[in-house]
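Novice: One structure is given below, represented as structure tokens, and several questions about it will come after.
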């Protein structure tokens with residue numbers, strides 16, 4: 001059903017992280033590229049996966065990245081099965097993540113009703129495009145996803161780190177990033193539950209297009225082939241826009257070796273346009289450097305790929321996973 005048009009852009013109250021992608025067997029990525037640009041313009045941090053992405057890829061990404069929402073386009077005719085399965089996987093992993101999408105005239109009104117009944121938060125129809133416009137639809141997406149990325153009670157998840165719980169790892173990174181007042185308490189709890197091991201950390205930096213992501217992907221592929229039991233964490237950092245605060249976190253597009261249970265990847269925005277790392281990440285790295293690194297299993301190198309505004313900046317980070 002169409003809603004009234006609004007001209008005022010939505011101003012998020014919280015940092016919003018959204019995964020954007022086009023569905024499996026779908027090469028039509030023009031629409032999702034426009035949507036992710038508008039989401040960035042309105043201040044969202046967008047983890048963009050590009051086109052031809054499976055449900056498992058999108059769901060794994062959304063949980064590792066601890067996003068509030070997933071925005072998808074589907075023009076290949078399998079949208080009902082695709083989106084319904086996505087909702088089922090997210091619910092099966094107790095992930096409270098909004099799903100919105102669109103597919104123009106390929107998604108019939110009756111199918112929109114079916115998808116909404118299956119738990120999809122919103123499917124935008126051509127009628128919505130006419131009444132809301134692009135900015136109106138983007139405002140609706142942001143409004144649905146606008147909730148705190150972390151809460152003080154999330155510190156209780158520290159107890160689940162020893163089992164390698166991906167959700168716990170992801171949410172505690174969000175705690176470190178968004179709740180600096182809890183940093184000392186988080187450090188104390190991590191030190192109490194995690195073995196004290198030194199974890200090799202490799203920092204990779206350079207100008208945009210230098211090939212950082214591709215090189216990290218190849219390093220991860222060889223690491224997994226050579227070390228059959230070890231795990232690796234990747235922290236990828238991109239700059240935030242000065243005006244909007246939005247960011248394009250697109251390194252996963254070039255990551256082909258990370259679909260493995262021994263790999264954890266997290267994309268972070270600097271949240272300041274002149275920095276190579278988020279201030280909270282810098283604080284966590286400094287804290288980790290003063291004591292042996294905390295891990296929940298055997299020693300794992302953490303590769304950090306950072307797209308920096310200045311090529312002379314060296315980016316290093318230490319994973320809390």
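Novice: The conditions are (1) outside any loop (DSSP other than H, G, I, E, B); (2) surrounded by 17 or more Cβ atoms within 10 Å (Cβ to Cβ), and residue 10 fails exactly one of them. Which is it?
Specialist: Only one criterion in (1) outside any loop (DSSP other than H, G, I, E, B); (2) surrounded by 17 or more Cβ atoms within 10 Å (Cβ to Cβ) is unmet by residue 10, namely (1).
Novice: Okay, next question. Scanning segment 158-168 for residues that are more than 14 Å from residue 93 (Cα to Cα) and buried (at least 18 other Cβ atoms within 10 Å of the Cβ), which turns out modelled with the lowest pLDDT?
Specialist: 161
Novice: Just need a number here: residues in segment 244-263 that are out of contact with any strand residue (DSSP E or B) (no Cβ under 9 Å at 6 or more places or on another chain) and assigned to a helix (DSSP H, G or I).
Specialist: 1
Novice: Output yes when any residue across segment 17-33 is at pLDDT 95 or above, surrounded by 18 or more Cβ atoms within 10 Å (Cβ to Cβ), in a loop (DSSP other than H, G, I, E, B) and within 17 Å of the chain's Cα centre (by Cα), and no when none is.
Specialist: Among the residues of segment 17-33, not one is at pLDDT 95 or above, surrounded by 18 or more Cβ atoms within 10 Å (Cβ to Cβ), in a loop (DSSP other than H, G, I, E, B) and within 17 Å of the chain's Cα centre (by Cα), which makes the answer no.
Novice: Check off (1) modelled with pLDDT of 90 or more; (2) part of a helix (DSSP H, G or I) for residue 202 and give me the number that stays unchecked.
Specialist: All conditions are met except number (2).
Novice: Sticking with this structure for a sec: Would you pick out the residues in segment 89-113 that are closer than 21 Å to residue 54 by Cβ and more than 23 Å from the chain's Cα centre (by Cα)?
Specialist: 106, 107, 111
Novice: Still on this model: For segment 204-243, how many residues are surrounded by fewer than 17 Cβ atoms within 10 Å (Cβ to Cβ), farther than 19 Å from residue 177 by Cα and out of contact with any strand residue (DSSP E or B) (no Cβ under 6 Å at 6 or more places or on another chain)? It would help to see each step written out before you state the result.
Specialist: Here is the first cut: in segment 204-243, the ones surrounded by fewer than 17 Cβ atoms within 10 Å (Cβ to Cβ) are 206-211, 214-215, 218, 221-222, 225-230, 241-243.
Still in the list and also farther than 19 Å from residue 177 by Cα: 206-211, 214-215, 218, 221-222, 225-230, 243.
Within this subset, residues satisfying the condition of being out of contact with any strand residue (DSSP E or B) (no Cβ under 6 Å at 6 or more places or on another chain) are 206-207, 209-211, 214-215, 218, 221-222, 225-230, 243.
Looking only at that region, the number is 17.
Novice: Another question, then. Would you mind stating whether residue 228 is part of a loop (DSSP other than H, G, I, E, B), modelled with pLDDT under 95 and under 27 Å from residue 59 (Cα atoms)? Break it down stepwise before answering.
Specialist: Values: part of a loop (DSSP other than H, G, I, E, B): yes; modelled with pLDDT under 95: yes; under 27 Å from residue 59 (Cα atoms): yes.
Yes.
Novice: Identify, by number, the condition in (1) crowded, with 18+ Cβ neighbours inside 10 Å; (2) closer than 28 Å to residue 31 by Cβ that residue 175 doesn't meet.
Specialist: Condition not satisfied by residue 175: (2).
Novice: Can you tell me which residue within segment 36-50, out of those that are within 13 Å of residue 72 (Cα to Cα) and touching a helix residue (DSSP H, G or I) at 6+ places or on another chain (Cβ under 7 Å), is surrounded by the fewest Cβ atoms within 10 Å (Cβ to Cβ)? Don't jump to the end; show me each part of the working.
Specialist: Let us first name the residues in segment 36-50 that are within 13 Å of residue 72 (Cα to Cα), namely 36, 39, 46-50.
Filter once more, so that each one left must be touching a helix residue (DSSP H, G or I) at 6+ places or on another chain (Cβ under 7 Å): 39, 46-50.
On the way: 39: 25, 46: 26, 47: 31, 48: 23, 49: 24, 50: 17.
Restricting to residues being within 13 Å of residue 72 (Cα to Cα) and touching a helix residue (DSSP H, G or I) at 6+ places or on another chain (Cβ under 7 Å), the top hit is 50.
Novice: I'd like to know if segment 304-311 contains one or more residues that are over 18 Å from the mean Cα position of the chain (by Cα), modelled with pLDDT under 50 and surrounded by 20 or more Cβ atoms within 10 Å (Cβ to Cβ). Let's see the steps before the verdict.
Specialist: If we filter segment 304-311 for residues that are over 18 Å from the mean Cα position of the chain (by Cα), which is where we start, we get 308-311.
Now drop any that are not modelled with pLDDT under 50, which leaves 308-311.
Narrowing further to those that are surrounded by 20 or more Cβ atoms within 10 Å (Cβ to Cβ): 308.
So far as segment 304-311 goes, yes, one or more of its residues are over 18 Å from the mean Cα position of the chain (by Cα), modelled with pLDDT under 50 and surrounded by 20 or more Cβ atoms within 10 Å (Cβ to Cβ).
Novice: I need the full set of residues from segment 172-199 which are assigned to a helix (DSSP H, G or I), out of contact with any strand residue (DSSP E or B) (no Cβ under 8 Å at 6 or more places or on another chain) and under 27 Å from residue 251 (Cβ atoms), in order please.
Specialist: Across segment 172-199, the qualifying residues are 172, 174, 175, 176, 178, 180, 183, 186.
Novice: Somewhere in segment 134-142, is a residue more than 17 Å from the chain's Cα centre (by Cα), farther than 26 Å from residue 87 by Cβ and surrounded by fewer than 19 Cβ atoms within 10 Å (Cβ to Cβ)? Before you say what the answer is, go through the steps one by one.
Specialist: Going residue by residue through segment 134-142, those that are more than 17 Å from the chain's Cα centre (by Cα) are 134-140.
Narrowing the set further to residues that are farther than 26 Å from residue 87 by Cβ leaves 135.
From what's left, surrounded by fewer than 19 Cβ atoms within 10 Å (Cβ to Cβ): 135.
For segment 134-142, residues more than 17 Å from the chain's Cα centre (by Cα), farther than 26 Å from residue 87 by Cβ and surrounded by fewer than 19 Cβ atoms within 10 Å (Cβ to Cβ): present.
Novice: Same structure, new question: Within segment 44-153, which strands (runs of 3 or more DSSP E) (wholly inside it) include 1 or more residues that are touching a residue at least 40 places away in the same chain (Cβ under 8 Å) and closer than 24 Å to residue 166 by Cβ?
Specialist: Numbers: elements: 45-48, 69-73, 98-102, 122-124.
Filter on segment 44-153 gives 45-48, 69-73, 98-102.
The values are calculated or read from the model by the stated rules, or taken from the named source; none is laboratory data. It should be emphasised that the depicted structure is a prediction, and the values quoted were computed from it without experimental measurement. Don't worry about glycine lacking a Cβ; one is built from the backbone with ideal geometry, like all the others, and counts go over all protein chains shown.
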